[in-house]
Amino acid sequence: MVNLNLKKEINKVIVPYFLLGELMNKEKIEKLVKNLLPYIIIVILVVLVRSFIVTPAIVDGSSMLPNLQNNNVIILNKLDYKLNNIKRFDVVVIDYNGEKLIKRIIGLPGEHIEYKENNLYVNGFITNEIFDHKKTNDFKLEMLGYLTIPGDKYFVLGDNRLNSTDSRVIGLIDKKDILGSVSYRIFPITKISKVK
């Protein structure tokens with residue numbers, strides 16, 4: 001015959017035996033949560049940082065040669081343009097119909113852009129491009145149907161001008177489609193550097 005009224009003393013508290021297992025499970029769970037809490041906080045911070053501040057991205061294709069090569073890993077700074085203005089020659093990641101493209105900002109809102117004999121003209125004045133790029137065929141903004149770039153739109157090009165799907169093909173880019181700036185290449189390790 002089993003007697004369910006048997007009791008055991010724990011910390012001077014009388015507890016029935018059938019509740020003892022539940023108390024131990026509760027203590028184990030509290031200890032487990034206490035031990036896991038720092039890791040949970042780290043995971044949450046990593047998710048928040050990757051979602052809202054910076055995230056690694058992989059270059060896919062040759063449109064940014066010679067400055068970025070296929071399979072380079074870059075850091076996408078998502079916070080930059082929430083705090084700073086977009087500048088000419090910034091390297092950016094854009095969202096074009098769900099596809100992520102890496103390009104360079106060439107034209108800003110209110111400007112007229114033209115390429116003639118491999119030279120960039122902004123509002124009729126020659127502008128030196130301070131980075132390496134391939135030859136650029138002659139182009140005028142009017143070819144896209146604009147005299148000047150409308151507000152909150154940007155003209156972007158790949159550095160490999162003869163092999164790039166950029167504003168000459170897809171049109172001007174809305175500011176809302178610019179996901180962030182690219183400042184650093186972190187892979188391959190031998191090519192870790194600031195992106196120019």
Under 6 Å by Cβ, and 6 or more places apart or on different chains, what pairs join a residue from region 147-175 that is under 20 Å from I130 (Cα atoms) and in the same structural domain as I86 (by TED's automatic domain parsing) with one that is crowded, with 22+ Cβ neighbours inside 10 Å and of a type in the set (D, E)?
-> V156/D166; L157/D166; G158/D166
So which residues in region 3-57 are basic (K, R), part of a helix (DSSP H, G or I) and either loosely packed, with under 10 Cβ neighbours inside 10 Å or modelled with pLDDT under 70 (or both), if there are any at all?
-> K34, R50
Is there a residue being over 16 Å from D90 (Cβ atoms) and without any contact (Cβ under 8 Å) to a residue 12 or more places away in the chain anywhere in region 176-186?
-> no
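The values are calculated or read from the model by the stated rules, or taken from the named source; none is laboratory data. From a predicted model like this one, the values you see are computed outputs, not experimental measurements. Every residue, glycine among them, receives a Cβ derived from its backbone with ideal geometry; neighbour counts consider all protein chains shown.
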